[in-house]
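A.B. asks: What follows is a single structure, and I will ask about it in a moment.
The values are calculated or read from the model by the stated rules, or taken from the named source; none is laboratory data. Quick caveat: nothing in here was measured; it's all calculated off a predicted structure. As a convention, Cβ positions derive from the backbone with ideal geometry for all residues, glycine included, and neighbour counts pool all protein chains shown. Side chains are part of the model used for accessible areas, which takes the heavy atoms of the whole protein and leaves out ligands, DNA and RNA. Shrake-Rupley method; radii C 1.70, N 1.55, O 1.52, S 1.80 Å.
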Amino acid sequence: MITVPKPRVKVVMALILIILGVLPKNLVMIGGNLVIGLLLLFIYRIPLRAFVKQLKPIAFFMLFTFLFFPLYEGSHGWIKALQYSGRLLFVAMVLSFLFYRLGIVAFLQALAELRLPSIFIELLLFTLRFMDVFRLEVRQMLLSLRSRGFYTGNWFQLKKYRVLGGLLGSLLLRSFQRSERIYLGMLSKGYKGERKSIRTELVPKYEWLHCALWAGCVLCLFFVGGVR
């Protein structure tokens, strides 16, 4: 069994694969990338549920490409839809490999070890945190509406859109007030936007062979496609 590489290697490897995976337009090369993505999941024993979890957010966009491009560009639109969908599917495979058993804290730690600007890491951390807070706020507000008899079964009623519009406005006000409280609380604790220095974990050189091997496979597809 091949062991999963260190988080820092996984981040660099995923970034390179995603960049190389979204470049080709040839359907044969895109299909080859998908085969490489399947091998990536199989060799590192990534479970199917982890791939489905990454696939859910982009499934709507993949469906939209098959509805939009054929109507907009005719018969050539199917080819473009396959191109975009194939790229998104490959990105989902790489992200499944990246975030399997890699939490947000470990991911941000790997970014810090790669010497990314601290402001970028802080913005990413706060964005993820506030997205989770907003999700909980929306769930609580919808639960409160249902407790008062609000039913979302039929969305084609103007009255319900008015209620949901008021809910959205209330959510924006709550989020603004909470962000102010968090900002003042961080200032009171001496926060100045700087992260403390961390100890960089040494990564054995052979770990980078994972990155070189998979990136080399994708580059070979570029070479084969160029020859053809």
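A.B. asks: Can you find, within the stretch 82-103, the residue that is nearest to LEU63 (Cα to Cα) among those that are among the aromatic types (Phe, Trp, Tyr) and open to solvent by 30 Å² or more (accessible area, probe 1.4 Å)?
C.D. replies: Looking at the filtered set, the residue picked out is TYR84.
A.B. asks: Right, another one. Can you run down the residue pairs with Cβ atoms below 9 Å, 6 or more apart or on separate chains, where the first is in the stretch 79-97 and aliphatic (A, V, I, L, M) and the partner is not in a helix (DSSP H, G or I)?
C.D. replies: Close Cβ pairs satisfying both conditions: LEU88/VAL22; VAL91/VAL22; MET93/ILE46.
A.B. asks: Residues of the stretch 107-129 being touching a residue at least 40 places away in the same chain (Cβ under 8 Å), out of contact with any Gly (no Cβ under 9 Å at 6 or more places or on another chain) and surrounded by 15 or more Cβ atoms within 10 Å (Cβ to Cβ), which ones?
C.D. replies: PHE107, GLN109, ALA110, LEU111, ALA112, GLU113, ILE121
A.B. asks: Could you list all residues from the stretch 207-226 that are aliphatic (A, V, I, L, M) and either crowded, with 16+ Cβ neighbours inside 10 Å or in contact with a strand residue (DSSP E or B) (Cβ under 6 Å, 6 or more places away or on another chain) (or both)?
C.D. replies: ALA215, VAL218, LEU221
A.B. asks: Now a separate question. Across the stretch 130-153, which residue is least open to solvent (accessible area, probe 1.4 Å) among those that are within 30 Å of VAL12 (Cα to Cα) and in contact (Cβ under 8 Å) with a residue 40 or more places away in the chain?
C.D. replies: For the stretch 130-153, the residue satisfying everything is VAL133.
A.B. asks: Filter the stretch 81-99 down to residues that are touching a Pro at 6+ places or on another chain (Cβ under 9 Å) and over 19 Å from ALA215 (Cβ atoms), then give me how many there are.
C.D. replies: Of the residues in the stretch 81-99, 2 are touching a Pro at 6+ places or on another chain (Cβ under 9 Å) and over 19 Å from ALA215 (Cβ atoms).
A.B. asks: Taking the condition part of a helix (DSSP H, G or I), over 19 Å from LEU209 (Cα atoms) and at pLDDT below 90, does VAL28 pass?
C.D. replies: Yes: the conditions hold for VAL28.
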